[in-house]
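Worksheet for the structure shown next.
The values are calculated or read from the model by the stated rules, or taken from the named source; none is laboratory data. These numbers were taken from a predicted model, which means no experiment stands behind them. Here the Cβ positions follow ideal geometry from the backbone for every residue, glycine too, while neighbour counts run over all protein chains shown. Side chains included, ligands, DNA and RNA excluded: accessible areas come from the protein's heavy atoms. Shrake-Rupley method; radii C 1.70, N 1.55, O 1.52, S 1.80 Å.
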Amino acid sequence: MDPESQQHLTVNQCIERIAQKLEAANLHYVHGAIDAQSEALWIVSKQLDLSPTEALDRLENPISKEQQQQATVVADTRISTRKPLAYILGEAWLMGVPFFCSEQSIVPRSWIAELIVDGSLEPWLPADGKALDLCTGNGSLAVLLALSCPDIHVSACDISLPALSVAARNVDRHGLSSQVELLDGDLWDALPEPNKDNLFDLIICNPPYVNATSMNTLPAEYHAEPELALAGGDDGMDLIRKIIAQAPDYLSERGAILIEIGNEYENFKKAFPQIPAIWMEVSAGEEQVLLIQAEDLC
């Protein structure tokens, strides 16, 4: 934008100009936004100190020259670095909830979040129940689970201490330190030995699951994220094999484990042909998230 064009714009006009700039740059969108328009809304709303939803209610309001300039700076940084916008802004939104975000952990995103918020998981979450967020990363799913089910206790673990530091900030941000417990360790090693008093009613897990071939062709935006949070081995199932092998030890009798596998449906079916998985419908379809009941893991 030239200085003269930065006069007397509305919020909507600023969003449109930023969207045009982003669209021309051939960026990749999956880290909290679906296209240039939604990223432009996100950029501009941040300058207004509003949520994207709140900004949509103020589209005809004027935006200051300083706010326009800062929005342009953010857009230019997004284009020149190809980093996810969440890292540049230090914040991401998932199901309308804000989360602190840094390159120490993967950007908050998961189809599991939809199932948490829409109540699909309530049959496996009794009052005063216990849930585990395995591979919690930034802690966003653990936070959403605690916010959606305030009577349950949530444990959340990860192998990455830097990621857990991000998760701790998000747990504190939402005032959940008494409900969400963060644990450090490699998968099940983070947990105490299972016994009848510390089993989980529900385990949710968004593990590293990208297969080796796909890892080599990921757009630049993904390479800003920790590889540890993405790479799942040759077929994407390395971590999932370990998770499923020991999950029965940590689930209550009527418990279940929910796992996101993204685009690895065929690889999952090849790796676990004997498991009667329940495929959960999310906005991306019916082959991205599966639920396995404890009785089907024995």
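The lone criterion from (1) in contact with a Ser or Thr (Cβ under 6 Å, 6 or more places away or on another chain); (2) at pLDDT below 95 left unmet by A55 is number (2).
The residues on offer are L9, L22, and the sole one that is more than 28 Å from V97 (Cβ to Cβ), touching a residue at least 40 places away in the same chain (Cβ under 8 Å) and not β-branched (V, I, T) is L9.
So which residues in the range 56-75 are part of a helix (DSSP H, G or I), without any contact (Cβ under 8 Å) to a residue 40 or more places away in the chain and open to solvent by 60 Å² or more (accessible area, probe 1.4 Å)? Result: L56, E66, Q70, V73. Inspect the range 278-291 for any residue being in contact with a helix residue (DSSP H, G or I) (Cβ under 8 Å, 6 or more places away or on another chain) and farther than 18 Å from I112 by Cβ and give the result as yes or no. Checking the range 278-291: not a single residue is in contact with a helix residue (DSSP H, G or I) (Cβ under 8 Å, 6 or more places away or on another chain) and farther than 18 Å from I112 by Cβ.
Of all residues in the range 210-227, those that are under 18 Å from I261 (Cα atoms) have Cβ atoms under 7 Å from Cβ atoms of residues that are of a type in the set (D, E, K, R), 6 or more apart or on another chain, in N211/D234; N211/D235; N211/E264; A212/D234.
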